[in-house]
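The values are calculated or read from the model by the stated rules, or taken from the named source; none is laboratory data. Being a predicted model, the structure only gives us computed values, none of them experimental. A quick note on method: Cβ atoms are made from the backbone with ideal geometry, for glycine too, and the neighbour counts reach across all protein chains shown.
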Amino acid sequence: MSSLRTVMRLVRWECMRELRRGEIVVSMILFALVSIFILSFAIDPGTQTAVRAQPGILWTVLLLAGSIGVERAFGRAGEERVLEGLLLAPVGRVSIYYARVISTWLFVAVMNLVVIAAFLVLYNVRTDFATFLTILGGAWAAGIGFCAVGVTLAAMTRTVQGGEILHRLLLLPLLIPVFKGVVSLTTQALRGQEIGPREIAIILAFDLVYLAAGQLLFDEIVADFEG
Amino acid sequence: MSVSDVERADRATPGLSPSMLVHAVVALGLIAWLNHRIAHAVPFSVKKIEQSYLIFYYHLPSALSCSIFFAIVLVGSIQVLRTGSAEWDRRAVVAGRVGVAACAATLASGSTWASAAWNTWWDWGDPRLMTAAIMFFTYAGYVLLHAQVEDPVRRRRFGAIYGILAFVNIPLTKYAIEWFGATAHPAELSNIATDEAIVITKSVGVLAFFTLYCLVYRWALQRERTKDRLRSVLTRVRAIEEGAAA
């Protein structure tokens with residue numbers, strides 16, 4: 001079986017499980033919505049300050065909600081040994097890595113779609129469909145690198161006690177560059193400006209660097225579980 | 001190995017060896033020389049940002065030292081992944097700890113300076129300051145990860161992996177913040193540092209503090225070696241005892 005087909009099968013398997021239980025996507029979306037409401041109490045959405053802070057609020061929420069999803073990339077509660085099981089199967093490690101990155105990306109992408117739409121409605125942002133698509137496109141593009149590095153870290157921290165907190169501590173500082181980029185992109189989109197080349201460059205650079213680093217380092221992580 | 005054995009091994013703290021004592025004397029001597037130069041040799045006529053800039057002689061050495069130690073983390077991490085060496089792992093993690101300490105010293109001295117020079121303790125838009133702060137968090141995470149993984153082989157490997165990721169993050173962060181922000185840092189401190197007396201004092205400062213951080217590094221590395229050796233001895237003793245009991 002070619003590795004591309006292996007990856008697609010693994011992704012489909014993961015999506016089937018998610019469709020049955022809906023645990024990861026639903027908890028990410030609910031967390032994001034609760035956070036939006038909490039932030040609306042902190043910064044009154046009717047004020048000028050809130051309008052300027054909109055990109056920041058949106059992205060803080062997306063970032064924290066997304067970190068819930070990638071942290072569970074290797075198993076929900078009670079499924080701690082999924083990765084060990086996969087490694088026993090006649091499947092390449094690279095396929096496992098990419099399958100996990102793609103399935104996690106799909107979950108995060110669905111969450112992005114729902115949350116960005118909800119945010120624009122709740123914050124009463126008068127905007128056209130093209131702007132919505134631009135912001136969503138930025139989120140989906142940045143999501144690639146986000147999942148690439150998040151999945152790699154999740155493979156490590158899931159073996160550590162209290163790994164959930166450690167996962168966020170390790171992940172968040174690595175996301176600063178892309179966070180800067182997408183916040184700037186969203187600001188431009190909401191103001192109706194042209195998207196700058198630097199925003200696109202930093203998101204692409206982030207994706208490429210962490211896909212490459214993630215794949216190489218994931219190999220090193222699972223080598224340990226096999227040996 | 002029982003819990004008390006682990007604790008006993010962790011408490012093992014070797015004293016300073018004779019060569020480290022000499023090292024300590026040299027470091028303190030250099031710092032004394034630096035202070036003497038700051039007090040008497042630096043010409044006050046060339047200073048541009050008032051006396052507050054004098055903290056520069058403590059700020060810059062810590063900043064340089066922290067970059068050097070973070071580079072050691074990278075080298076150590078690559079070596080660990082290549083060879084699985086326990087010694088390189090110790091070097092890397094001790095360098096990480098000393099680097100985080102130097103980074104904290106850089107941030108604290110820089111913040112103090114900023115309060116006088118920029119009239120604010122923290123400038124959220126300044127790329128260098130923010131990059132240093134993010135570096136502090138990433139390497140603190142590295143040290144934390146290393147401390148939390150229990151299995152030694154896994155600890156080595158995971159530490160090395162994050163040691164590499166942390167380094168990859170530095171240029172990305174730097175460019176991201178530079179592109180989307182503006183700096184208040186004195187563009188090139190070499191601009192005000194053309195005077196010979198300042199250049200010498202700056203070099204003395206770098207030398208003095210790097211010597212001091214190296215002493216801490218050596219001492220911590222020795223402590224780590226002793227700890228690991230003691231742990232393996234205790235494990236073997238327990239195994240023999242259990243064998244005798246059975």
query = Mind checking which pairs have a first residue in the range A:191-219 that is away from every other protein chain (no Cβ under 11 Å) and more than 30 Å from A:Gln54 (Cα to Cα) and a second that is among the hydrophobic types (A, V, I, L, M, F, W, C) and in a helix (DSSP H, G or I), Cβ under 8 Å, 6 or more apart or different chains?
reply = A:Gln215/A:Val94; A:Gln215/A:Ala148
ask   = So is A:Ala189 assigned to a helix (DSSP H, G or I) and within 21 Å of A:Tyr98 (Cβ to Cβ) or not?
value = no
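Which residue out of B:Ala116, B:Ala95, B:Ala105 is more than 14 Å from chain A (Cβ to nearest Cβ), touching a helix residue (DSSP H, G or I) at 6+ places or on another chain (Cβ under 7 Å) and modelled with pLDDT of 95 or more?
Values: B:Ala116 fails: modelled with pLDDT of 95 or more; B:Ala105 fails: modelled with pLDDT of 95 or more.
Only one candidate qualifies: B:Ala95.
Going by the structure shown, is B:Gly110 small (Gly, Ala, Ser) and modelled with pLDDT under 90? Steps first, answer last, please.
Values: small (Gly, Ala, Ser): yes; modelled with pLDDT under 90: yes.
Yes; evaluated as a whole, the condition is true for this residue.
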note = Restricting attention to the range B:62-99, the residues that are crowded, with 24+ Cβ neighbours inside 10 Å and out of contact with any Lys or Arg (no Cβ under 7 Å at 6 or more places or on another chain) number exactly 14
task = Would you be able to say whether some residue in the range B:152-170 is facing chain A (nearest Cβ under 8 Å), out of contact with any strand residue (DSSP E or B) (no Cβ under 6 Å at 6 or more places or on another chain), surrounded by fewer than 24 Cβ atoms within 10 Å (Cβ to Cβ) and not in a helix (DSSP H, G or I)?
result = no
message = Every residue in the range B:140-151 that is more than 7 Å from every other protein chain (Cβ to nearest Cβ) and in a helix (DSSP H, G or I), please.
response = B:Ala140, B:Tyr142, B:Val143, B:His146, B:Ala147
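The rows are residues; the columns are (1) closer than 17 Å to A:Tyr97 by Cβ; (2) crowded, with 24+ Cβ neighbours inside 10 Å.
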{"site": "A:Arg168", "(1), (2)": "no, no"}
{"site": "A:Leu172", "(1), (2)": "no, no"}
{"site": "A:Ile202", "(1), (2)": "no, yes"}
{"site": "A:Leu217", "(1), (2)": "yes, yes"}
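Tally the residues that are farther than 19 Å from A:Thr131 by Cα and in contact (Cβ under 8 Å) with a residue 40 or more places away in the chain, restricting the search to the range A:164-190.
6
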request  = State which residue pairs qualify: first residue part of a helix (DSSP H, G or I) and inside the range B:24-37, second residue of a type in the set (Phe, Trp, Tyr) and at pLDDT below 90 in any location, beta carbons under 7 Å apart, and separation of 6 or more residues or different chains.
outcome  = B:Leu34/B:Tyr57
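For (1) closer than 20 Å to A:Val114 by Cα; (2) at the interface with chain B (Cβ under 10 Å from one of its Cβ atoms), each residue gets a yes or a no:
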| site | (1), (2) |
| --- | --- |
| A:Trp140 | yes, no |
| A:Ala148 | no, no |
| A:Val151 | no, no |
| A:Arg158 | no, no |
| A:Gly163 | no, yes |
| A:Leu170 | no, yes |
| A:Pro173 | no, yes |
key: Search result, residues across the range B:123-139 that are buried (at least 18 other Cβ atoms within 10 Å of the Cβ) and either within 7 Å of chain A (Cβ to nearest Cβ) or within 17 Å of A:Leu172 (Cβ to Cβ) (or both)   = B:Met130, B:Thr131, B:Ala132, B:Ala133, B:Ile134, B:Met135, B:Phe136, B:Phe137, B:Thr138, B:Tyr139
Helices (runs of 4 or more DSSP H) (entirely within the range A:1-97) containing at least 1 residues that are touching a Lys or Arg at 6+ places or on another chain (Cβ under 7 Å) and closer than 30 Å to A:Asn124 by Cα = A:23-42, A:48-71
task = Scan (1) more than 25 Å from A:Leu171 (Cα to Cα); (2) without any contact (Cβ under 8 Å) to a residue 24 or more places away in the chain for the single condition A:Leu39 breaks and write down its number.
result = (1)
key: Pairs where the first residue, in the range A:1-20, is over 16 Å from A:Ala89 (Cβ atoms) and the second is among the aliphatic types (A, V, I, L, M), C-beta under 8 Å, 6+ apart   = A:Cys15/A:Leu106; A:Glu18/A:Ile24; A:Glu18/A:Val25
